[in-house]
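Visitor: Handing you a structure now.
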Amino acid sequence: MASSKLVPLADAVDRFVPDGSSVAAGLCLEAMIPFAAGREIMRQGRRGLTLIGPISDILFDQLIGAGCVARVQAAWVGNVITGSGYNFRRAVESDALVVEDHSNLSMAMALKAGAMGLPFMPMRSALGSDLFSTNPGLRRIACPFTGETLAAVAAIVPDVALIHVQRADVYGNSHAWGCLGVMRDAGLASRHVLLTAEEIVPTELISRDPNRVVVPGLRVSAVSHVPWGAHPAPVPGHYNRDHQAFLDYRDQSRSPEVFARWRKRWVDGVAQPEDYLGLLGEERMRALRLQHRGFSEPVDYGY
């Protein structure tokens, strides 16, 4: 019988995100960003990480500001509402960070190659860009069938994927819905998957709807119960995006000094997920909860 993989988030990060790891996150673009896992990485003082993802909103900026990051492979880093990620900008301008530029498509294709166990994937769109100047994982190749010039993007195989989902069982089988971005391929490409979940549910509930399983439990290394684990990003079916938090972060990251104050409040003092909920407060959480429900149509898996 399978063993439970349910562990506290701090233990999961301690075991599966050592210094120097390559970490995939922000895989659903603007939704379900694993902010709680990111805060725990910062709290534990990880160093020398490589961050991998398409659009991570402010999560990557926070990890960079905390001194956790040596390298970034991404399509975009910043604050979706306000533009610049100030910690990212300072790190690039001071040559403290190695950046490998991707488009959203090249990132998706690199993770697809990793998920399929292939060394690269072909694509066209990068040929019209200057991505080749900063991305050593891109090459021009000739199609073996037509001779046409194509771009080849090297596979990306992260050490760990941080994935936040709506629900999971104790064995790591999980359901996610909404915009999934590159979550599936990143989970299959990575050596380890660390899940955080809004709810822990019986396995029978997961097995009743197998098409919503994003990463099978056999590929998951640890699962942690972390309600509001994606805040301030939204989680479909649970809570909306906290726009004010992104506006506040713009002001709280303008300089290293003010960012240090932000970190002291929102990271260093948050030893448990419950501590974070205490900082948010019930009034703020109530304002972010769903005002309208939008259920999908049921399907019949009968036999």
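Where a number appears in this text, it was derived from the coordinates with a stated rule and is not lab data. Predicted model only: the values in this text are computed from it and were never measured. Virtual Cβ from ideal backbone geometry, glycine too; neighbours counted across all protein chains shown.
Visitor: What FRET efficiency comes out for the pair Asp19/Arg261, r = Cβ-Cβ distance, R0 = 35 Å, nearest 0.05?
Guide: 0.85
Visitor: Sticking with this structure for a sec: Given only helices, namely DSSP H runs of n ≥ 4 each adding -39500 (n - 2.57), what is the per-residue ellipticity at 222 nm of the chain, to the nearest 500 deg cm²/dmol?
Guide: The per-residue figure over the chain is -8000 deg cm²/dmol.
Visitor: Work out the charge dipole of region 17-149 with +1 on the Cβ of Lys and Arg and -1 on the Cβ of Asp and Glu about the Cα centre, then indicate which of Asn135, Gly45, Ala110 is farthest towards its positive end.
Guide: Checking the options against the dipole of region 17-149, the answer is Gly45.
Visitor: Hey, got a sec? Which trypsin sites (Lys or Arg not before Pro) in region 149-222 land in a DSSP loop and have at most 12 other Cβ atoms within 10 Å?
Guide: Arg208
Visitor: Give the peptides 268-281, 74-87, 54-67 in descending order of average Cβ contacts within 10 Å, highest first.
Guide: 54-67, 74-87, 268-281
Visitor: Then there is this: Grab the other residues whose beta carbon is less than 15 angstrom from that of Arg184, score K and R as +1, D and E as -1, and report the net.
Guide: Taking every Cβ under 15 Å from that of Arg184, the sum is +2.
Visitor: Kindly rank 2-13, 291-302 from highest to lowest mean number of other beta carbons found within 10 Å of each residue.
Guide: Descending mean neighbour count gives 2-13, 291-302.
Visitor: Calculate the FRET efficiency for Leu247 and Glu282 from the Cβ-Cβ distance with a Förster distance of 30 Å, rounded to the nearest 0.05.
Guide: 0.90
Visitor: Region 117-229: D in µm²/s via Stokes-Einstein (Kirkwood Rh, Cα pairs, 20 °C, 1.002 mPa s)?
Guide: Estimated diffusion coefficient is 134 µm²/s.
Visitor: Still on this structure: Can you list residues from other chains, or at least 5 along the same chain, whose modelled amide H is less than 5 Å from the amide H of Val99?
Guide: Amide H neighbours of Val99: Val72.
Visitor: What Kirkwood Rh does region 1-140 have if only Cα atoms enter the pairwise 1/r average? Answer in Å.
Guide: 16.0
Visitor: In region 101-162, what chymotrypsin sites (Phe, Trp or Tyr not before Pro) fall in a loop by DSSP, with at most 14 other Cβ atoms inside 10 Å?
Guide: In loop regions of region 101-162 (DSSP not H, G, I, E or B), the sparsely surrounded chymotrypsin sites (Phe, Trp or Tyr not before Pro) are Phe145.
Visitor: Among Leu288, Val267, Tyr301, which residue has its Cα positioned farthest towards the positive end of the charge dipole of region 262-303, with +1 placed on the Cβ of Lys and Arg, -1 on the Cβ of Asp and Glu, and the dipole taken about the Cα centre?
Guide: Val267
Visitor: What do you get when you divide the Cα radius of gyration of region 149-303 by 2.2 N^0.38 Å, with N the number of residues?
Guide: Rounded to two decimals, the normalised Rg is 1.21.
Visitor: Calculate the dipole size of region 96-171 relative to its Cα centre from +1 charges on Lys and Arg beta carbons and -1 charges on Asp and Glu beta carbons; express the result in debye to the nearest 20.
Guide: Rounded to the nearest 20 debye, it is 180 debye.
Visitor: What FRET efficiency would be calculated for the residue pair Arg289, Thr134, taking the C-beta separation as r and a Förster radius of 35 Å, to the nearest 0.05?
Guide: 0.25
Visitor: Using θ = phi - 60° and the Karplus relation 6.51 cos²θ - 1.76 cosθ + 1.60, list the HN-Hα couplings for region 97-102 in order, rounded to whole Hz, with x at every Gly or Pro.
Guide: Per residue, the Karplus-derived 3J(HN,Hα) values read 9, 8, 10, 10, 6, 10 Hz.
Visitor: Same structure, new question: Could you work out the relative contact order of the chain? I mean the mean sequence separation of Cα pairs under 8 Å and 6+ apart, divided by the number of residues, in percent.
Guide: Value for the chain: 20 percent.
Visitor: Give me the dipole magnitude in Debye, nearest 20, for the chain about the Cα centre, with unit charges on the beta carbon: positive for Lys and Arg, negative for Asp and Glu.
Guide: 280
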